[in-house]
Every structure is written in structure tokens, then in C-alpha cells.
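The values are calculated or read from the model by the stated rules, or taken from the named source; none is laboratory data. None of the values given here were measured: they were computed from a predicted structure. Reconstructed Cβ throughout: ideal geometry from the backbone, glycine too, with neighbour counts over all protein chains shown. What goes into the accessible areas is simple: the full protein's heavy atoms, side chains included, and nothing from ligands, DNA or RNA. Shrake-Rupley method; radii C 1.70, N 1.55, O 1.52, S 1.80 Å.
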Amino acid sequence: MKRVAVLISGEGRNLQALLDAHDRGLLPATFVGVVSNRDGAPGLRRAAAAGVPVAVVRHGDFPDREAFDAALTLQLEAWRADWVVLAGFMRVLTPAFTTHWQGRLLNIHPSLLPRHRGLQTHQRVLQAGDREHGATVHFVSADLDGGPAIIQGRFTVSAEDDAQQLAQRVMKDVEVHIYPQAVAWCVSGDLQLMPEGTVMFRGAPLSAPLTLADLEPGF
Ligand code: GRF
């Protein structure tokens, strides 16, 4: 059974979706710990309620990003994590960290990457007049929000959508479905990142990200 650690900064709705999928028998992994860089992140309570060990590694306690990331790796290695899942983790990671965990480090981003890397994606979708929006699960590389994509869920933006509604739709209709599915594929060995950056899914290279239509029953 693969050992999964989750990094959070806030609410932890994606974390909850992972824990729920695990409870329902859909995610064959052991959740070895949840790290937050913020005290009092609500997601920590979700982890504790599920009986998953928690740790707080405060970024402000370290002189620079390198030292903070080294402390994260120390904690993750103490838990013997095989996979590291970023779930609303709001810190930019150093190349040393992303290289160390390459191929075992996942992120979810609330946009249809490569569109709208970075923050405030929902406002930017509206400003740009995009017809579609969604979220992407990807392997993390040193390039912020730029690593190889695994699965993308999309929907049509409606005239009534404001940024808050878009955020809700992205979370409820896309993120909490695609992230548990992507992690399940990874921990079961269905999905892997090759050294040159190709994503292999069940033995064949992915030429485009998987979609909501590829979700298995239950997700
Ligand atoms: C999600 O929309 C995620 O994609 C983004 O931040 C939000 C985190 O929400 N990076 P939560 O902490 O999982 O509730």
C-alpha cells in the first residue's frame, strides 16, 4: 500500500474528498500525515477527525524557502511518504523540493492549464471572457503550475457566474472528483511520470489530459 502525505494551507475540501474516497474504498493508500504551513488551517481538523497524523511547519519560522522546504521534506520522510499531494497548499516550492519529489508530487490548480497559472483564476476567467473553466491535476515540476497534466475537468461558464460561483462550481463539480481519481490512479500504478516528462496511463503515453468522462464509477 502506497503512503500518501497531503500538504494544505486552508479549508482542506480537496483533502476531505481524498479522505472520503479512501473511506469508500476507492483509494487504496495509507494517509500517513497532513502538513499545514499555517496554524489553525481548518483542514487540520478534517485530518485529525479522520485519524490522520498532522504537523504544522510554519513558513515564517524559516529564514528562506530552501530551509522551509528542507523541513517539509524531513517531515515527509519521517512519515516515509511515497506520494506528496498538494491540496490548497499556498506556498511556491523550490526546485530542490520539486526535483526531490519529482514523479511523486501532485497538485490541483483551479483553471484549465496552461490557461491562468497562478492566483485569482476565477476573476481572470471572467475578465478574459472565457467560455470554459475548470481545474487540472498535474505532476509538479520546478515550473509553477507548469508540470505535466493528468486530468482536467471543464464546464461552460454561464452569463450569471461571478467569481464566487465559479469557485464553487470548480470545487464541487470538478476538483473533488478529479483529485481523488488522479491520486487513485497514481497509487495503484495506473499512472506514472516518465523521466523525460511523458505521463503514462496504463502503459500508453497520454497525448492529452484525461477528462471527467474518464472518471471511474464512484468518483
Ligand atoms: C482549491 O481551489 C485549489 O485548487 C486551490 O485552492 C483551493 C483549495 O481549497 N489551489 P481547499 O483547501 O482544498 O478547500
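Work from the charge dipole of region 97-219 (Cβ charges, +1 for Lys and Arg, -1 for Asp and Glu, about the Cα centre) and give the residue of Leu112, His138, Ile178 farthest towards its positive end. Most positive-ward Cα: His138.
Among DSSP beta bridges whose residues both lie in region 1-119, state the antiparallel percentage, nearest 5.
Working: 0 of 17 bridges.
Given both bridge residues lie in region 1-119, the antiparallel proportion sits at roughly 0 percent.
Rounded to whole Å, give me the distance from the Cα center of region 189-217 to that of region 30-57. So the two Cα centres are separated by 29 Å.
Per residue, the chain reaches -8500 deg cm²/dmol at 222 nm when only DSSP H runs of four or more residues are counted, each adding -39500 (n - 2.57). Backbone amide hydrogens, once placed in the peptide plane, bring Ile150 within less than 5 Å of Val137, His138, Phe139, excluding anything fewer than 5 places away on its chain.
In the chain, the DSSP beta bridges split such that about 45 percent are antiparallel, to the nearest 5.
Show me the helices of the chain, taken as full DSSP H stretches, that run 18 Å or more along their long axis by Cα and average 0.0 or above in Kyte-Doolittle hydropathy. Please report the intermediate quantities before stating the final value.
On the way: long enough: 65-78 (20 Å, 0.16).
Span-like helices, by this rule, are 65-78.
Per residue, the accessible area of the chain comes to 47 Å² when a 1.4 Å probe rolls over the protein heavy atoms.
Classify the chain from the C-alpha gyration tensor, please: rounded if a/c falls under 1.5, else prolate or oblate depending on whether a/b exceeds b/c. Walk me through the numbers on the way to the answer.
On the way: a/c = 1.38, a/b = 1.23, b/c = 1.12.
Rounded.
Want the number for Arg117 to Ser188: 0.36 nm per residue separation, take away the alpha-carbon distance, what's left? All intermediate terms of the calculation are to be shown ahead of the outcome.
Values: separation 71, 0.36 × 71 = 25.56 nm, distance 2.86 nm.
Result for the pair: 22.7 nm of gain on full extension.
Highest mean packing first, where packing is the average number of other Cβ atoms within 10 Å per residue, the peptides 105-115, 198-208 line up as 105-115, 198-208.
Does region 89-162 classify as rounded, prolate or oblate by the C-alpha gyration tensor (a ≥ b ≥ c root eigenvalues; a/c under 1.5 gives rounded; else a/b over b/c gives prolate, otherwise oblate)?
In terms of gyration-tensor shape, prolate.
Given a 1.4 Å probe and every protein chain left where it sits, what share in percent of the accessible area of region 63-182 is carbon and sulfur? The C+S portion of the solvent-accessible surface of region 63-182 is 52 percent. Charges were assigned to the Cβ only: +1 to each Lys and Arg, -1 to each Asp and Glu. The resulting dipole of region 55-103 about its Cα centre is roughly 120 debye.
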